[in-house]
Every structure is written in structure tokens, then in C-alpha cells.
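What follows is one structure encoded as C-alpha cells, with my remarks underneath.
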């Protein structure tokens, strides 16, 4: 909980009317739909919506205080709850978060990278929570709003905060969020073509992600993916200690003899110095070994033993992206619909190749923000799909490149269905799916591939697709 007095001091705001500054606030929210009784609602003015419009909804849901900007203050005079007035609500939220973070001496694990941030965040939090009281970013809260909200979830009992940091829009963004969070441990998962259209080049993306490592103090620890040469190079930017994780023989924490057991998880030999342990974890796909190694590296930095850490990997929240879902006609859906990049598509195809399927089917939507890598990225996925799938479905104009490349790589044209019509795609799939089929569904978030998954769920056999 945070007091109204702390809100005023941290945000540099003023209060309308006479109120008790000892009022305790449970959580700070910016989305009125998330508000629960006892929360403070911060009305942020965004590009598309003005949070001030949602103050009535927040109050109806039990908000005990609201934060507004000076331009809207007059509208809320005489409100039945405290009104904190600030110059700019987003800037005030960030000031408040920085103030609140500064009150506590704790370990803050900052995580950035092109792919795998959220899975790594969940794994780190699950491992650390086996010994410590942990706060973590909710969902994919990793931007200039999400990072402050995570920091404001810290309580006096919190020992470890695990904070996902995005920073895909401009240089300096990661550094600004690190100034708020003050991470003591920094993880960089990888550098890939995600958001290439925004940042311009892989070198620029790497420089952007390296801002996390540059923000660590001399007593900080950088945990870097040693199998990504751009991430490995960030070691030179670290003032503190560096731990490399991965498959490369010089990694401090490395995996050997990695095996995927399909839907039963992965196994590998964990090697740290002269110590070798065989580990089996319920994570899907060979690529998830890097998620596991990063979390184990943090666990060791927190003084945990391997035996303490391993139960944390049973937490189902770790598998936040790729989920197995019963499908129509006895098929099984591999729901990886949240987002997509060439790297993550290739990893998903690798998992699809390992499952015990009668037929392997992939459904790909467009990938966004690839910039100059757009055509090659889509074609790369198509060439790999040709060697994995029995049937290939694509949705969107960009994804048609996947279909074309798959045919060029040897997949029969009769096994490929490319369309820009969502309903047509769903109807085709519902007609052809049968028991033993495994269906991978993946595409950019904006392609709404989750709607395809919902339409193909087993319980919806008699429903209509939208």
C-alpha cells in the first residue's frame, strides 16, 4: 500500500479540497477496467484516448482517489474522493514510481531483448519466488507506463522485483526506464529483427537494448545471452560483473545435450564450472533452454541452490506464449498467437516438428515492423515450413510470401492455402481438421490470430466464427 501523502510527495502534485493524507491506497492503475476498491486511478492522456474520460468508470469500480492534470482539474472540484492535480499525469506517474522505488533496498531484475522478454520475466519470477517475496511486471507491462506501475506494486515486504523493459520506439527509452527502476541485475535475451522498421538496423536495436547494461552500477550484474554475438558484445559496456549463459562452451552457465521431448518438455545437462547436473523441465521447445538458463543464472546471483530453483519451473505462467488447446474434430492447437517475428516463428516450427502428430499444420499471419527485412523474414519462415508441415495456411498479404517461399522450397501447392479472408481461412480449417492433427497458429498481434484459435477451440464446434 502507498499513502496519499506519498502520492503527493512523489508526484509533486497538489490536492483539491481538504483530505486526510493518511489514506492508504492499495494499487495504482491507469486502466479503469483494472480498478478495484481501494485503488488510485491515474488519468493518462494517450494518443487515442484521454484517461480523464474514464474517471466515472474508475469511481464506480471503487477508486478511492484519482490523479488528473491541471487542464482538467476544474471539472473535478468537489469530487467525493481526493483529487491529485499534477502538471502531466504520465510524468507524475513516473516521478511517483521513481520516488517509491527509492524508498526500498531490494534486488531489481531488469529484462530486455527483442524476443522472449515476457517468458524470461515469468521464469525469473517463478524461480526467485521459491525463496523470496517477488513482485513482477503484469502481462507485458514493459513501457513508460507499465514499468512505473510495476514499481508501484513494490511493498515493504518485497525482496525481488522483476521488471520487463521494452524500449522499441526510440533511443534512450530503455535508459529512461532504467533510471526509474534502478536495476541491480540486467538480462538481455537477444537482438533480432522485431521492430526493425522503427529502429532502422540491428545495430541500432542492439544499442537500444544495451542501455540496460550501461545503466547497471559497478556492483550490478549483466546476464547476457552468449549465443547472440550482439548481446555478448554488450559485456564491454558493463561496469559491473558479466555472466554469459547459453550453449557456447565459454558461457558461465551453459547447457549441453539439449533434447526436446515435444509437449513433455526439455532436458539438458546444466554445466557451471566443473559441476554438471542433468535437468528436465516442463518448458516447450529447444529454444526455451535459454529462458531456463537466464532464470537459473538469476537464481544463483540471488544465492539460491539448484534444488530450490527447479520447482519454480512448474509454474504454468512461464509458458505465456505457446499454449496447447483442444481443437475441433479432435485436433490439438498450438496457440502461439500473441505476436510473431521470424525468430519466434522458426522456434515454433521447431517445436511443431517434434510433436507426435498425424499431420503438422501451420497457420501464419503477417509479421509487422520488420522494415527492410520484411520480405526475407517472411520467406525464411516459408522455407523452414516447407520441411516441417504437411499443410500450410497463411492470412494476409505479407504472409502470402511465406506460402510462396514454401512452395519454392518443395511444399506441394495443393498443401498450401493463402488468403486475406479470416472467415474463409477458419472455414477451411474447420472442414479439414481431424484427430491427430497439430495446428500451430502464429502471427503479429495486430493480425488477431487469437480469434482463429478461439474459432477452432473444441467447445466451439457448434458456434459461428466472427
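The values are calculated or read from the model by the stated rules, or taken from the named source; none is laboratory data. All values reported here derive from a predicted model rather than from experimental measurement. With ideal geometry, Cβ positions are generated from the backbone for all residues, glycine too; neighbour counts draw on all protein chains shown.
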Residues of the stretch 400-415 being in contact with a helix residue (DSSP H, G or I) (Cβ under 6 Å, 6 or more places away or on another chain), crowded, with 21+ Cβ neighbours inside 10 Å and either not in a helix (DSSP H, G or I) or not assigned by TED's automatic domain parsing to the domain that holds residue 337 (or both), in sequence order, are none
Residue 334 meets each of (1) surrounded by 23 or more Cβ atoms within 10 Å (Cβ to Cβ); (2) not assigned by TED's automatic domain parsing to the domain that holds residue 437 with one exception, condition (2)
Looking across the stretch 356-382 at residues that are assigned to a loop (DSSP other than H, G, I, E, B) and within 27 Å of residue 431 (Cα to Cα), the single one that is modelled with the lowest pLDDT is 356
Checked 259, 214 against criteria (closer than 30 Å to residue 325 by Cβ and over 18 Å from the mean Cα position of the chain (by Cα)); the one match is 259
If we keep only residues of the stretch 314-330 that are more than 13 Å from residue 292 (Cα to Cα) and part of a loop (DSSP other than H, G, I, E, B), then the residue modelled with the highest pLDDT is 322
Among (1) within 26 Å of residue 324 (Cβ to Cβ); (2) under 29 Å from the mean Cα position of the chain (by Cα); (3) in a helix (DSSP H, G or I); (4) modelled with pLDDT of 95 or more, residue 439 falls short only on (3)
Those residues of the stretch 350-368 which are under 21 Å from the mean Cα position of the chain (by Cα) and surrounded by 22 or more Cβ atoms within 10 Å (Cβ to Cβ) amount to 351, 364, 365, 366, 367
Subset of the stretch 331-355, residues in contact with a helix residue (DSSP H, G or I) (Cβ under 7 Å, 6 or more places away or on another chain), within 16 Å of residue 392 (Cα to Cα) and not in a helix (DSSP H, G or I), comes to 333, 334, 335, 336, 337
Q) Looking at this structure, is residue 371 in contact with a helix residue (DSSP H, G or I) (Cβ under 8 Å, 6 or more places away or on another chain), touching a residue at least 24 places away in the same chain (Cβ under 8 Å) and either under 28 Å from residue 201 (Cβ atoms) or surrounded by fewer than 24 Cβ atoms within 10 Å (Cβ to Cβ) (or both)? A) yes
Selection over the stretch 191-207 where residues are at positive phi and either under 19 Å from the mean Cα position of the chain (by Cα) or at pLDDT 95 or above (or both) yields a count of 1
Taking the stretch 142-167 and keeping residues in contact with a helix residue (DSSP H, G or I) (Cβ under 6 Å, 6 or more places away or on another chain) and at negative phi leaves 147, 148, 151, 152, 160, 162, 163, 164, 165
Handout entry: residue 403 vs. criteria modelled with pLDDT of 90 or more and over 19 Å from residue 418 (Cα atoms)
Key = no
- Message: Being in contact (Cβ under 8 Å) with a residue 24 or more places away in the chain and surrounded by fewer than 22 Cβ atoms within 10 Å (Cβ to Cβ): is that true of residue 176 here?
- Response: yes
Next on the checklist: Against the condition part of a helix (DSSP H, G or I), touching a helix residue (DSSP H, G or I) at 6+ places or on another chain (Cβ under 6 Å), over 15 Å from residue 336 (Cβ atoms) and assigned by TED's automatic domain parsing to the domain that holds residue 345, how does residue 430 come out, does it pass?
Outcome noted: yes
Residue hits (the stretch 212-234; part of a helix (DSSP H, G or I) and either surrounded by fewer than 24 Cβ atoms within 10 Å (Cβ to Cβ) or out of contact with any helix residue (DSSP H, G or I) (no Cβ under 9 Å at 6 or more places or on another chain) (or both)) are 214, 229, 230, 232, 233
When every residue in the stretch 96-154 that is touching a residue at least 40 places away in the same chain (Cβ under 8 Å) and assigned to a strand (DSSP E or B) is compared, the one surrounded by the most Cβ atoms within 10 Å (Cβ to Cβ) is 111
